[in-house]
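Engineer: The following block contains the structure, expressed as structure tokens.
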Amino acid sequence: MKITVLGCGRWGSFHAWYADHIGHDVTLWGRPGSQHLQELLETRKNEYLGLPASIALTSDLKAALDAADICIISISAQQLRSFARQLKAAGFDPSLPFVLAMKGLEEGSGKRLTTVMAEELEPAVRTAVWVGPGHVQDFISGMPNCMVIASADEGLTHFLVDTFTSPLIRFYYGQDLLGIEIGAAAKNVMGIAAGMLDGAHLTSLKGALMARGAHELSVLVAAMGGQAMTVYGLSHLGDYEATLFSLHSNNRRFGQDFIEGRPFKKLAEGVSTTEALLDLSQKYGVELPITAAVHAIIKEKKDPHEVLKNLFLRSTKCE
């Protein structure tokens, strides 16, 4: 199978490595002038992995699309709408399956990423999501994990799972696309909250964060028309270990560095997702206290110790 990966950062380079690793013919695309692409062209390496010579590298978007049987997109969630317009201008094949390998919601609208694709390309665009636990560093070292692929098209879901399953990653078939997308995006917000607890020396409250975080998201997913129990699967609760505890988690590290007053230069998708979730909270009349607390600390500059303690140690109520 010919696999094109669009985006050559941490996860994009991993998806290219993984597709090659399991025997596919791979092209990895980066934006013209991309420092990530230039580094890979010069050394075939980045800080996470080395790419074999069998992977083609290019900055030509049309050529990358023309070379694909399946196209994986791994860029910042907030860039997806403008990037989808580039795909349309490049003349994508309407039958080409797209796999979104990032987690987020559009800031300003709260829209899911598959919705953004349908709005910018065409309603019938074949789009799936690939989410779940795992870190590049662990996969490269041979540590296996479980992930989930979901789309609105059951046949496409099964085709993609069959294409990408290997001893390194066991895929499950996702059956609730809405719940999976919301859950995957929201776990990054929980990751920021976990890092804030670490930075505030309140790590013991992570258990409460896990329980209450999954609960508040299950209420939102149900209110939006999804299945509440989806939140307890791989896309959200199943990804908590990798996001709330791992030293590799960008969102957790952002939260800790924010509390400790250190600058954080990598992408933490949970920051923008916080805004999007609060928009959905208003729209559907669902309280999201953990999300609101993270927003109050980051955007409203409220005292983190006071906010976090009030969040988890407030007045007695039924669980």
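The values are calculated or read from the model by the stated rules, or taken from the named source; none is laboratory data. Being a predicted model, the structure only gives us computed values, none of them experimental. Here Cβ is always computed from backbone atoms with ideal geometry, including for glycine, and neighbour counts include all displayed protein chains. Surface areas here come from the heavy atoms of the whole protein model, side chains and all, with no ligands, DNA or RNA. Shrake-Rupley method; radii C 1.70, N 1.55, O 1.52, S 1.80 Å.
Engineer: So for the stretch 97-171: antiparallel DSSP bridges make up what percent, rounded to the nearest 5?
Structural biologist: Values: 5 of 11 bridges.
Of all bridge pairs located within the stretch 97-171, approximately 45 percent are antiparallel.
Engineer: Roughly what would the spin-label model give for Arg262 and His158, points 7 Å off Cα along C-beta, in nm?
Structural biologist: Output for this residue pair reads 4.9 nm.
Engineer: I would also like to ask the following. Just from its helices, what would the mean residue ellipticity at 222 nm be for the chain, if runs of 4 or more DSSP H residues each count -39500 (n - 2.57) and the sum is divided by every residue, rounded to the nearest 500 deg cm²/dmol?
Structural biologist: Values: 13 runs with 147 residues, N = 319.
Calculated at 222 nm, the ellipticity per residue is -14000 deg cm²/dmol.
Engineer: Another question about this same structure. Based on the inverse mean of 1/r over its pairs of different Cα atoms, what is the Kirkwood hydrodynamic radius of the stretch 222-319, in Å? All intermediate terms of the calculation are to be shown ahead of the outcome.
Structural biologist: Details: mean 1/r = 0.0661 Å⁻¹.
For the stretch 222-319, the Kirkwood estimate is 15.1 Å.
Engineer: State the percentage of accessible surface on the chain attributable to carbon and sulfur atoms; use a 1.4 Å probe and exclude ligands, DNA and RNA. Walk me through the numbers on the way to the answer.
Structural biologist: Numbers: 6970 of 13530 Å².
Roughly 52 percent of what the probe reaches on the chain is carbon or sulfur.
Engineer: Tell me the net charge near Lys103. Cut-off is 9 Å between Cβ atoms, Lys103 excluded, with +1 for each Lys or Arg and -1 for each Asp or Glu.
Structural biologist: Numbers: positive: Lys187; negative: Glu181, Asp239, Glu269.
Surrounding charge for Lys103 is -2.
Engineer: Can you give the FRET efficiency to the nearest 0.05 for Met1 and Ser204, using r as the Cβ-Cβ distance and R₀ = 35 Å? Could the numbers behind the result be given before it?
Structural biologist: On the way: r = 47 Å, r/R0 = 1.34.
Plugging the Cβ-Cβ distance into 1/(1 + (r/R0)^6) gives 0.15.
Engineer: Using a Gaussian network model of the chain whose springs link C-alpha atoms within less than 10 Å, name the residue from Leu28, Leu280, Leu41 with the highest mean-square fluctuation.
Structural biologist: Leu41
Engineer: Among (i) 117; (ii) 154; (iii) 129, which one is volume of the Cα convex hull per residue in Å³ computed from these coordinates?
Structural biologist: Looking at volume of the Cα convex hull per residue in Å³ for this model, the match is (iii).
Engineer: Continuing with this model, one more query. Taking a threshold of 28 Å on the Cα-Cα distance, which of the pairs Lys103/Lys265; Lys45/Lys111; Lys266/Lys301; Lys2/Lys187; Lys187/Lys299; Lys2/Lys266 fall above it?
Structural biologist: Among Lys103/Lys265; Lys45/Lys111; Lys266/Lys301; Lys2/Lys187; Lys187/Lys299; Lys2/Lys266, the Cα-Cα distance tops 28 Å for Lys45/Lys111; Lys2/Lys187; Lys2/Lys266.
Engineer: Using the Cβ atoms and a cut-off under 15 Å, what net charge is assigned to the surroundings of Lys299, where Lys and Arg are +1 and Asp and Glu are -1? If you can, show how the numbers build up before the last one.
Structural biologist: Details: positive: Lys301, Lys302; negative: Glu107, Glu275, Asp279, Glu300, Asp303.
After counting each charged neighbour, the total is -3.
Engineer: Let me ask something else about it. Hey, can you find the accessible area per residue of the chain for me, probe 1.4 Å, expressed in square angstrom?
Structural biologist: 42 Å²
Engineer: Another question, if that's okay. Could you sort 89-98, 117-126 so that the peptide with the highest average Cβ count within 10 Å comes first and the rest follow in order? Walk me through the numbers on the way to the answer.
Structural biologist: Values: 89-98: 14.6, 117-126: 16.2.
In descending order of packing, they fall as 117-126, 89-98.
Engineer: Another question, if that's okay. So, taking all protein chains as they sit and a 1.4 Å probe, how much accessible area belongs to Lys88, in Å² rounded to tens?
Structural biologist: Per-residue accessible area (Lys88): approximately 120 Å².
Engineer: Turning to a different aspect of this structure: Distance between Cα centroids, the stretch 172-199 to the stretch 1-59: provide it in whole Å.
Structural biologist: Between the Cα centres of the stretch 172-199 and the stretch 1-59 lies a distance of 26 Å.
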